[in-house]
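The values are calculated or read from the model by the stated rules, or taken from the named source; none is laboratory data. Predicted, not measured: the structure shown is a model, and the values here were computed from it. Note: ideal-geometry Cβ built from the backbone for every residue, glycine included; neighbour counts use all protein chains shown.
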Amino acid sequence: MAQDAPAAAGIGDQIAAVIAELPDGPVTLGLVMDRLGQDSLLLLTVLLTLVFLIPVSIPGVSTVFGAAILLVGVARLSGRALWLPARLRARELPGARLRAALEGGLRWVRRLETLSRPRRLPALAVAPAAMLFNHLAFVLAALLLMMPLGLIPFSNTLPAIALLCYGVGMLQRDGGAILLGHLATIATLVYFAALAVTGGLLVGTLFRGVGG
């Protein structure tokens, strides 16, 4: 599997430089990828998660960015180069609103980068078996991010935090950050399960009321 070396410059600084280069007009995912380069899959993941970490609504972002993050996870799991459908690469998003959202979410990267410690808990960030599990968890978090629950509080935020932790942890070889990602994924599963149970109870109560 392809491995990403820890970033020479700070992760936050690299992401901030990409954000600063985005035009005010329409922005495509292909343009963002060109700014980062084909080999920077984890940096791409970190960047794409930012819009899900703040309360903002930009039409089309959830579908485009969520699908791209999922394909990044599949690419890392398979050890192959990232491939995106042409329609996904060419999908236009409002540049000014997107930049504002990315800048708002960048503070999460700064915080996590400050707390991250390279080479911490290396068994979680280097061992082949652990990395296979990490990549599978990454794909799961991406699938959870894509679930159509955007109007429900925290339904995007929790899996986005997990993906952010995975991205920073894998870039920094920080097993502690990766562990936080796993905890956020577990929290997402618990939260979604609670939503499903609550929804089931509400539907059952409604049908009983109608039947009565």
Any hit, the stretch 117-137, residues being more than 14 Å from LEU183 (Cβ to Cβ), modelled with pLDDT of 95 or more and surrounded by 20 or more Cβ atoms within 10 Å (Cβ to Cβ): yes
Residue match in the stretch 177-195 (condition: more than 23 Å from ALA16 (Cα to Cα), polar (S, T, N, Q), at pLDDT 90 or above and not in a loop (DSSP other than H, G, I, E, B)): yes
Boolean, ARG119 is more than 26 Å from ALA68 (Cβ to Cβ), not aromatic (Phe, Trp, Tyr) and not in a helix (DSSP H, G or I): yes
LEU121, sole failed condition from (1) under 16 Å from GLY167 (Cβ atoms); (2) in contact (Cβ under 8 Å) with a residue 40 or more places away in the chain: (1)
Answer from ARG87, ARG107, ARG111 - the residue that is surrounded by fewer than 17 Cβ atoms within 10 Å (Cβ to Cβ), under 21 Å from ALA67 (Cα atoms) and free of Cβ contacts under 8 Å to residues at least 12 places away in the same chain: ARG87
Selection count, the stretch 73-84, where residues are outside any helix (DSSP H, G or I) and exposed (fewer than 13 other Cβ atoms within 10 Å of the Cβ): 4
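Matching residues to (1) of a type outside the set (Lys, Arg); (2) on the phi > 0 side of the Ramachandran plot:
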residue: SER116; (1), (2): yes, no
residue: ARG120; (1), (2): no, no
residue: LEU124; (1), (2): yes, no
residue: PRO128; (1), (2): yes, no
residue: ALA142; (1), (2): yes, no
residue: MET146; (1), (2): yes, no
residue: PHE154; (1), (2): yes, yes
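Does ARG97 satisfy the condition of being out of contact with any His (no Cβ under 6 Å at 6 or more places or on another chain) and free of Cβ contacts under 8 Å to residues at least 60 places away in the same chain? Before the answer, list the steps.
Values: out of contact with any His (no Cβ under 6 Å at 6 or more places or on another chain): yes; free of Cβ contacts under 8 Å to residues at least 60 places away in the same chain: yes.
Against the criterion (out of contact with any His (no Cβ under 6 Å at 6 or more places or on another chain) and free of Cβ contacts under 8 Å to residues at least 60 places away in the same chain), ARG97 qualifies.
Could you tell me whether any residue of the stretch 142-154 is within 13 Å of VAL46 (Cα to Cα), in contact (Cβ under 8 Å) with a residue 60 or more places away in the chain and either surrounded by 13 or more Cβ atoms within 10 Å (Cβ to Cβ) or of a type in the set (Val, Ile, Thr) (or both)? First the steps, then the outcome.
Start the filter on the stretch 142-154 by keeping residues that are within 13 Å of VAL46 (Cα to Cα), which leaves 142.
If we keep only those that are in contact (Cβ under 8 Å) with a residue 60 or more places away in the chain too, we end up with 142.
Within this subset, residues satisfying the condition of being either surrounded by 13 or more Cβ atoms within 10 Å (Cβ to Cβ) or of a type in the set (Val, Ile, Thr) (or both) are 142.
The answer is yes; a qualifying residue exists.
Conditions tested, residue by residue: (1) surrounded by 14 or more Cβ atoms within 10 Å (Cβ to Cβ); (2) under 14 Å from LEU106 (Cβ atoms); (3) hydroxyl-bearing (Ser, Thr, Tyr); (4) modelled with pLDDT under 85.
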{"position": "ALA7", "(1), (2), (3), (4)": "yes, no, no, yes"}
{"position": "ILE11", "(1), (2), (3), (4)": "yes, yes, no, no"}
{"position": "VAL18", "(1), (2), (3), (4)": "yes, yes, no, no"}
{"position": "LEU22", "(1), (2), (3), (4)": "yes, yes, no, no"}
{"position": "LEU31", "(1), (2), (3), (4)": "yes, no, no, no"}
{"position": "ARG35", "(1), (2), (3), (4)": "yes, no, no, yes"}
{"position": "LEU44", "(1), (2), (3), (4)": "yes, no, no, no"}
{"position": "LEU53", "(1), (2), (3), (4)": "yes, yes, no, no"}
Total residues in the stretch 140-155, condition over 17 Å from ILE54 (Cβ atoms) and either assigned to a helix (DSSP H, G or I) or at pLDDT 90 or above (or both): 6
